[in-house]
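Read the figures in this text as sums done on the coordinates, not as results from a lab. Here the structure is a predicted model, which is why all the values come from computation and not from measurement. Positions of Cβ are generated from backbone atoms using ideal geometry, with glycine treated the same way; all protein chains shown enter the neighbour counts.
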Amino acid sequence: MTDRRATATEKHFLQKLESYRKGSLSRRDFLAQTGLGLATAVMAGTMPGLARRAWAQGSIGDRVVIATWPNYHAPESLEAFRAATGATVDVNVFGSNEEMLAKLQAGGASWDVVVATNYTISTYVDQAIIEELDLSRIPNFDPSAFEARFADPGVINGKTYAIPRNIGTTGYCVNTSELDSATPTTWKEFWDLSRDQLSGRTMVHDYQLTAIGNALKYYGYSFNSVDPKELADAERLLIETKPHLFAINSDYQPSMRSGDAAMSMCWTGDAVQLQRDIPEIAYVLGKEGGELWSDFFTIPASAPHRDAAYALINFLLAPEMAAQEARFHGYPTGDSRVDALLPDEMRSSPILYPAADILNALEFGAAITLTNPVRAEIMARFKSA
Amino acid sequence: MRLYVIAVYLFLYIPIGIIALFSFNAGRHAAQFAGFSTQWYGKALDNPFVIDALKTSFTVAMTSALLATVCGTLAAVALQGIRGRLRMVYDALIYMAVMVPGIVIGIATLITLVTVFDTLNPLLATLFGGKAPPQLGLGKGSLIAAHGLFTMALVIVIVRARLQGMDRTLLEAAADLGAPPMRSFVQITLPQIAPAVLAGFLLAFTFSFDDFIVAFFVAGSETTLPIYVFSSIRRGVTPEINAIGAMVMAASLVLLITAQMILRPRKR
Amino acid sequence: MLVLPLLVVVLFSFGERGAAGGYVPAFTLDNYANLAARWTAFQNTILLAPLGTVLCLLIAYPLAYYLAIKADPRWRTILLILVIVPFWTSILIRSYAWIQILGGNGLPRLIAEFGFGRPRLINTPFAVMVGIVYGYLPLMVFPIYVALEKIDRRLLEASADLGSPPWRTFVQITLPLSLAGVATGSMLVFILLMGEFLIPQILGGGKVFFVGNALVDLFLQSRNWPFGAAVAATLVMVMLVIVTLYLRAMKRLSGGRDDVAMM
């Protein structure tokens, strides 16, 4: 029932939009007649750029498809976008950057916006999968609001291909009520605990970058190493640990919640969401280092709804909207304008904003790990062992 | 014996009971039961992604099953006329198609389509010149093609089994009486194979509606219901999936019983 | 049309992986030489697929026997429908139900209540087996039921009248006459199991690895299409060989009768 009503409004809206564009309806009448006046008025305060621009551009179509990660967008934000522009956001979730690249490479697919992690951008550019962005169409993006290290991977040879959306770390979460000892602080302890006290209760990501990277950290090697000897050490550790693992799976929230797993490799936002419901769950960033990352909005060269893609990116980058998203997914955005809008408990959270000394020990994932065949094979052997 | 049968039925139905039970869970997490509520049904029906996925699944299943049934039936009838070695080759090919695992079908279709698109798209671009040449891509079309193609093999097998059991004298009589082949097909063959055609259609529909693995590879950015459910299971579940599951189950039960009621009088 | 995709797979299997993944045309046998790297996956599949088939058969046969021969005819249709109904729900949703049952808060907790410790069930080969049997049982029951139902009751009555004990009637009459159904059912289940990906993925927690899982990883994670194509081609070959051998054996067993065809 609600669905039918929604489509009817949409049709009505598009009709009115058409008359407005042809000039047979004034802007004020258009807004009043479509009932958007109120919505726009409410939003205009927070995102002046958007409200006017969307109309100025004319119709952006009725659909935009975004390739992104699980639990990454608040349904309300996407609904607000539809209400403001008439374009429904279709969300496709992926399990890893590798899977995303595979499907983009297969071509023929029609995503308009792709949320990609820093270490993939240069490969996407080399493969001509994504295109240079027209920053004039994304007025809500303010490069000066971002720390250079988070925004830089999106700029290649002076051209901006990707816009930072949010940042995060890869650590591990552990249910402290299950531990005899004090809360661990290193990756060494993660791997030792998983083969000892938490045998059968630990989860490792089904993701080469972090599974192998954090195994490399056990020996103090670089997270991004592609050195054959170092990788061989990491592989030995992974295969030795395998029988002790509860699962190799990047979807650890259900198991952590049910208590089946007591420790898991974990991303910032999941840790925030878990801790919200189960306070005993602690989030640990290994002292040895580990991964620091940022995720970016990109537009594939093959995007069928380019106008809508720009509109969506711009819409989600408006500080008010980005703050709403951050409250939902639990990752910091890296945008100082958004930080100012977040509630205190988020701003003071050590999970979201780790101490500078821990943060500086972390590394960004390197492009080479994405396409390195040795790492891919190690992951496959680890999983089939 | 009876006890054993009861045990097997329990084995079959306990998981389903659990799905249904937890769909009424008031809590947000599937793991603990926190009171009775029907809120997840409302949420599922209100979720535009679920509705979209359902629509996509239905369109794809309907179209591909129709295609498979029409082409498959015609192919089966045509095959009936072929004898000897050629027939053997065809038979072997059809069994191959039925036997190849879904995952290989998905992969094979994916790489074939991608290769075909890679050659055709530049061609289309030059043909149309100017701007916005039509682009071929993965999506509903490729999904329908993949499902249609491989469920067609199923339809052929089923319809042929029925054709073989058919009384050929009727056809010969019709031919003797001077009926054109088309007419004898419509008036004699079709009514006799109708149940098999219907069964083939239902099977093809179910296959397509339920298929995850082929869609996972060739659906491009389209989301079918199984793909939606898979990604929901991935991201840590709310009882919403249980509600969807329970509804799909109830719907198929109703369909099944209706089909049974319609078919029964004819059978007896 | 049906064969073209398979030919492309074979063609791709001789190619090379591009620098960023994908496929580069070439002619090399390296991918086949490299198959040993997925030996565990093949081993798991070749062990677990027949095991799953046999388990399905063992559970399905008595059920089909009961339905076809013992059950009250009035209830028969209903009971049969009840066997298919679960099959009409997505395998995803059904496997997901088992996550809840076999997960720590399900069966293991129940077992712990009875004081037998708290075994871990989910993400083990056992869980995958349960999922497999659960998923494919109806496919096994049906063909066997059809075969059993066709048996002329008078044969069974005659045998009883002549004083042979029930087990003997079963072994000498019922079983041989139902072999065609057993063959069909086993074939169906076996074929589907060889390409299984979802059940190990969902119930195995990435710890029970089938060829299907290896294939998905090769195509969607490491993007090594040529190697993936080689693995896929090998899988089909292995299946063809096993199925042919099996059909031959069944044919010999049933005295060369033709009705042990696949469908």
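Between A:D62 and B:N47, the simple label model (points 7 Å from Cα in the Cβ direction) yields a spacing of 2.4 nm. Could you tell me which of rounded, prolate or oblate describes the range B:1-153, using a ≥ b ≥ c as the square roots of the eigenvalues of the alpha-carbon gyration tensor, with rounded for a/c under 1.5 and, failing that, prolate when a/b is larger than b/c and oblate otherwise? Oblate is the answer for the range B:1-153, as a/c is 1.5 or above yet b/c matches or exceeds a/b. The value for chain C of Rg(Cα) / (2.2 N^0.38 Å) is 1.21.
Over the range A:49-194, the hull volume per residue, using the convex hull of the C-alpha atoms, is 174 Å³. Comparing C:A232, C:A26, C:A180 in a Gaussian network model of chain C (Cα springs below 10 Å), the most mobile by mean-square fluctuation is C:A26.
Calculate log10 I(q)/I(0) of the range B:145-268 for q = 0.14, 0.16 Å⁻¹, where I(q) comes from the Debye formula with a single equal point scatterer on each Cα and nothing for solvent. Log-scaled intensity ratios, in q order: -0.81, -0.94.
The alpha carbons of the range A:106-174 occupy a box of 42, 32, 21 Å along the principal axes, longest dimension given first. With the simple model of a label 7 Å out from the Cα in the direction of the Cβ, A:K188 to C:A37 spans 3.3 nm. Using the Karplus relation 6.51 cos²θ - 1.76 cosθ + 1.60 with θ = phi - 60°, the per-residue 3J(HN,Hα) values for the range B:215-225 come to 4, 3, 8, 10, 7, x, 9, 6, 10, 8, 4 Hz, with x marking Gly and Pro. Of the residues B:A78, B:A153, B:A173, the one that moves most in a GNM of chain B with alpha-carbon contacts below 10 Å is B:A173. Residues whose amide H lies under 5 Å from that of A:N166, counting only those 5 or more places away or on a different chain, are A:D295; hydrogens are built 1.01 Å from N in the peptide plane.
Taking every alpha-carbon pair in the range B:55-226 and binning the separations at 10 Å intervals from zero gives 10, 31, 29, 19, 10, 2, 0 percent. Couplings for the range B:187-203, taken from phi via the Karplus curve 6.51 cos²θ - 1.76 cosθ + 1.60 with θ = phi - 60°, read 8, 10, 5, 4, x, 6, 8, 3, x, 5, 4, 4, 4, x, 4, 4, 5 Hz in order; Gly and Pro are left as x.
Give me the compactness ratio for the protein assembly as shown, meaning the Cα radius of gyration over 2.2 N^0.38 Å. If you can, show how the numbers build up before the last one.
On the way: Rg = 29.4 Å, N = 916, 2.2 N^0.38 = 29.4 Å.
For the protein assembly as shown, the normalised Cα radius of gyration is 1.00.
Length available on full extension from A:S144 to A:I368: 0.36 nm per residue minus the Cα-Cα distance, which gives 77.8 nm. Taking a ≥ b ≥ c as the square roots of the eigenvalues of the alpha-carbon gyration tensor, the range C:164-244 is classed prolate because a/c is 1.5 or more and a/b outweighs b/c. Cysteines in the protein assembly as shown lacking any other cysteine Cβ under 4.7 Å from their own Cβ: B:C71, C:C56. Neighbouring Cβ atoms from other chains, within 10 Å of the Cβ of residues in A:202-208, number 2 on average. Calculate the FRET efficiency for B:I257 and B:F33 from the Cβ-Cβ distance with a Förster distance of 30 Å, rounded to the nearest 0.05. Calculated value: 0.50. Taking amide H positions as modeled 1.01 Å from N, with prolines and chain starts lacking one, the residues under 5 Å from A:T88 and 5 or more places away or on another chain are A:R63, A:V64.
Working note: Karplus 6.51/-1.76/1.60 with θ = phi - 60° gives the range C:187-200 the couplings 4, 4, 5, 4, 4, 5, 5, 4, x, 5, 9, 5, 5, x Hz, where Gly and Pro are set to x. Taking amide hydrogens as placed 1.01 Å from N in the peptide plane, the amide H of A:E291 sits under 5 Å from those of A:T170, A:E363, each at least 5 positions away in sequence or on another chain.
At an R0 of 45 angstrom, the distance between the Cβ atoms of B:A179 and C:D152 translates into a FRET efficiency of 0.70. Annotation: extensible slack from B:L120 through B:R87 equals 8.6 nm (criterion: 0.36 nm per residue apart, minus Cα-Cα distance). Between B:G42, B:G148, B:G139, the residue with the greatest mean-square fluctuation in the GNM of chain B (Cα pairs under 10 Å linked by springs) is B:G42. Each peptide among A:271-280, C:158-167 gets the average number of other Cβ atoms lying within 10 Å of its residues, and from highest to lowest they stand as A:271-280, C:158-167. Where in the range C:79-94 is the amide nitrogen less than 11 Å from a point lying 7 Å along the Cα-to-Cβ axis of B:Y9? Those under the cut-off are C:79-83.
Work out the FRET efficiency for B:M96 and B:M62 from their Cβ-Cβ distance, taking R0 = 30 Å, and round it to the nearest 0.05.
My answer for the efficiency is 0.65.
When both the range A:306-359 and the range A:183-215 are represented by their alpha-carbon centers, they are found 28 Å apart. Across all Cα pairs in the range A:229-385, the calculated P(r) in 5 Å bins from zero up to the longest distance comes to 1, 7, 12, 15, 17, 17, 13, 10, 6, 1, 0 percent per bin. Per-residue extension of 0.36 nm, minus the Cα-Cα distance of C:L47 and C:L253, leaves a gain of 71.8 nm for this segment.
Per residue of peptide A:69-75, the mean number of Cβ atoms on other chains within 10 Å of the residue Cβ is 2. Please work out whether the range C:90-230 counts as rounded, prolate or oblate from its C-alpha gyration tensor, where a ≥ b ≥ c are the square roots of the eigenvalues and a/c under 1.5 means rounded, while otherwise a/b larger than b/c means prolate and anything else oblate? Oblate. Distance check, please: which entries in A:K287/B:K43; A:K159/A:K217; A:K383/B:K55; A:K383/B:K43; A:K217/C:K207; A:K159/B:K140 exceed 31 angstrom between their Cα atoms? A:K287/B:K43; A:K159/A:K217; A:K383/B:K55; A:K383/B:K43; A:K159/B:K140, as the Cα separations exceed 31 Å there. Of the Cα atoms belonging to the range B:1-91, the radius of gyration and Dmax stand at 23.4, 67 Å.
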